[in-house]
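Asks: Here's a structure for you.
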Amino acid sequence: MRNSKLLKITLTAAAALTFASFAESSAKADTQADIDAITQKIKDTEKSIKEGQEKLSKLEDLQYQKSMEIDGLKKNIKARKAQLARQARAAQVNNAGSMIDFVSKSKNLSEAISRTFTVATLVHANNQAVAQQKADQEKVVADKAVVDKAAADQTQANKNFNNDLAQLAVQKTQLEVKKANEDEAARKAAQEAEKKAREAAEKVADAKNERDAQNALKDANNAVASVTKSDNNNNNNNNNNNNNVAAQASAQQTSNTSAAPAAKYGSVVGYALSFQGVPYVYGGTSPSGFDCSGLVQYVFAAFGKQLPRTAGAQKAVCTPISESQLQPGDLVFWGTGHVGIYIGGGNFVHAPTTGDHVKVTSMNYYHPDSYGRVN
């Protein structure tokens, strides 16, 4: 009987040891599920952005068509006015001072009737022309107003989608930080618990009596419980330490950027996004107007980092990285002529070109040819 009880206790301790060995993989399951959910939201938002850009492109084409239509109508209206003027002058034949004079100076009744009919026809035609002119103007103005409003609404919707995407990128980064912390904490806790559980299991096997075996089993169960306790404490600490998320994420992802140190300026993303809508100005270096490198220089200066003035010079002072190593706050380049700030989710914020404004663009539409990390 005694040996049977000891055997059961030993098997229970072995089960505890097995649980401790697998505790690491279960500790991070919830966080991974949250990451997967955010990833899906990012995909959905990127799809909405693509559809929104396509809609806006069509609306801008329609705006152009309406503008051309307006120009054509203006020319037609001008020509119609000229025709009315010519008709008015033609009515003043034989030096007649007015259409009444034109009729009253007829040579006979037949001519008077003919002239009266001519005057009536002219008056009617003139009235129709004026009415049509007003109708044309009103229709074009109304049509243009509808298109302009739709384009403005779509522009705002696209801006909202881009803002949502930026926020989702930050949230995903936050969860990646949490998961990285959980991975490390769970690994250490599992190793410690496994060691304690193994030692306890050995004590059970060497126990001289049932009491010693029960005490050893208690130690094994306590070792396993420490894994759960450590995981819960780690989650609480993560919830209280999520300030400066982008910067923390960069620090946690060092293992993925062996070619360069982790990004130190992820926190510039939110500040850069606040300038969306600022017009592009060649040579601009302030919120009244930016060019591409002026925007980058201004944003980083607010975080204590002084960068050179041009895109080429900014590229020269960065540590080259690959696309797979991109983190929020890194710079994306097109040769030495253009630069933007990566915000996560395959998107970047930049000041594009003359006639445009600071905005977020997907790398699917405008793909950089090189990448750099600000040291």
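The values are calculated or read from the model by the stated rules, or taken from the named source; none is laboratory data. Note that this is a predicted model, so its numbers are computed, not measured. We place every Cβ from the backbone using ideal geometry, glycine too, and count neighbours over all the protein chains shown. To get the accessible areas, we keep the full protein, side chains included, count just its heavy atoms, and leave off ligands, DNA and RNA. Shrake-Rupley method; radii C 1.70, N 1.55, O 1.52, S 1.80 Å.
Asks: So what is Rg over Rh here for segment 262-375, counting just Cα atoms and using Kirkwood for Rh?
Replies: Radius of gyration relative to Kirkwood radius: 0.91.
Asks: Distance cut-off 29 Å, Cα to Cα: go down the list K50/K134; K50/K75; K75/K159; K43/K264; K74/K149 and report the pairs above it. Mind dumping the intermediate values first?
Replies: Details: K50/K134 40 Å; K50/K75 38 Å; K75/K159 37 Å; K43/K264 26 Å; K74/K149 22 Å.
Exceeds cut-off: K50/K134; K50/K75; K75/K159.
Asks: So, for segment 252-375, what is the accessible surface per residue at a probe of 1.4 Å, expressed in square angstrom?
Replies: For segment 252-375, the solvent-accessible area averages 40 Å² per residue.
Asks: So, by mean Cβ neighbours within 10 angstrom, what's the order for 320-326, 348-354 with the highest one leading? Provide the component values of the computation, followed by the final result.
Replies: Numbers: 320-326: 15.3, 348-354: 20.1.
Order by mean packing, descending: 348-354, 320-326.
Asks: How many nm separate the modelled label positions at M68 and E323, each set 7 Å beyond the Cα in the direction of the Cβ?
Replies: 3.5 nm
Asks: May I pose another question? Ordered by packing density, taken as the mean number of other Cβ atoms within 10 Å over each peptide's residues, highest first, how do 65-73, 333-341, 367-375 rank?
Replies: Values: 65-73: 13.4, 333-341: 20.0, 367-375: 17.4.
Packing order, densest peptide first, comes out as 333-341, 367-375, 65-73.
Asks: Further, regarding this structure: Around E54, with a cut-off of 12 angstrom between Cβ atoms, what is the net charge of the other residues, counting Lys and Arg +1 and Asp and Glu -1?
Replies: On the way: positive: K47, K50, K55, K58; negative: E51, E60, D61.
Every neighbour counted, the sum reads +1.
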